[in-house]
Amino acid sequence: MMKNFTTFLAAFVFAATLISCSDKLVPADQLPAAAHSFIQQYFPGTPISYVKKDAGLKTSFEVVLTDGTEIDFDGKGEWDSVDCKRSAVPSALVPAAIAGYVQANFPSQLIVKIDKELYGYEIELGSGLDLKFDNNGKLIRIDD
C-alpha cells in the first residue's frame, strides 16, 4: 500500500513539474498565422510586447500587447480570450445578442474582457461585473 502511494506521489510531482515548466517566452514569429492576422485586424498598430507558449497537453499562446491587452490563442491561432483591461474589447468580437443585452441593461459600461467557454461566452464589464451567456447570446448568470 505504501509503495503504491509513493509511486503515485512521485508521478504526481513529476506531472506537476512538467505542467508548471511548460510556459516559455517565444519570439512572436512562432505564433500561428491566424493569430498574427487576428492581431493585425483587431489591434492594428499595437505591437506585441511578448508571447508565452504553453506546450502542455494542448499547445496555446498568451500574447501581451504593448498597451497591456492580453490575448489567448489555441495552437491553431484561434482566439480564446481577449482582455483589454480598461478599454473596450473590439465590438466585432462580441456576438450581436450579447452586445445588445449589455447596451440595453448596462449602457454606460464597456465590455473589457471576453472569454469563449464550452457553454458560450463570459464577459467582464468595466465595473468588474461578469456576465455569462450561452452560445445563442442568452444570459445565463451574473456574477459580481
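Whole-Hz ³J(HN,Hα) for each residue in region 107-112, computed from phi via Karplus 6.51 cos²θ - 1.76 cosθ + 1.60 with θ = phi - 60°, x for glycine and proline: what do you get?
Karplus-based 3J(HN,Hα) across region 107-112 equals x, 9, 9, 8, 8, 9 Hz.
What does the highest-first list of 132-144, 109-121 look like by mean Cβ count within 10 Å?
Listed from highest to lowest mean packing, they are 109-121, 132-144.
Could you tell me the accessible area of ASP54 in Å² (1.4 Å probe, neighbours in place), rounded to the nearest ten?
Estimated to the nearest 10 Å², ASP54 gives 50 Å².
Report P(r) for region 47-139: all Cα-Cα distances, bin width 5 Å, range 0 to the bin holding the largest distance, values in whole percent.
Taking every Cα pair in region 47-139, the percentages come to 3, 14, 23, 24, 16, 12, 6, 1, 0.
As a quick test, which of the pairs LYS53/LYS76; LYS85/LYS116; LYS116/LYS138; LYS76/LYS132 have an alpha carbon distance above 19 angstrom in this structure?
Correct reply: LYS76/LYS132.
Run the accessible area of region 67-126 with a 1.4 Å probe and give the carbon-and-sulfur part as a rounded percent.
Result for region 67-126: 49 percent of the exposed heavy-atom area is carbon or sulfur.
The values are calculated or read from the model by the stated rules, or taken from the named source; none is laboratory data. Source: prediction; values computed, not measured. Methodologically, a virtual Cβ is constructed for each residue, glycine included, from the backbone with ideal geometry; neighbour enumeration extends over all protein chains shown. We work out accessible area using only protein heavy atoms, side chains counted, and drop any ligands, DNA or RNA first. Shrake-Rupley method; radii C 1.70, N 1.55, O 1.52, S 1.80 Å.
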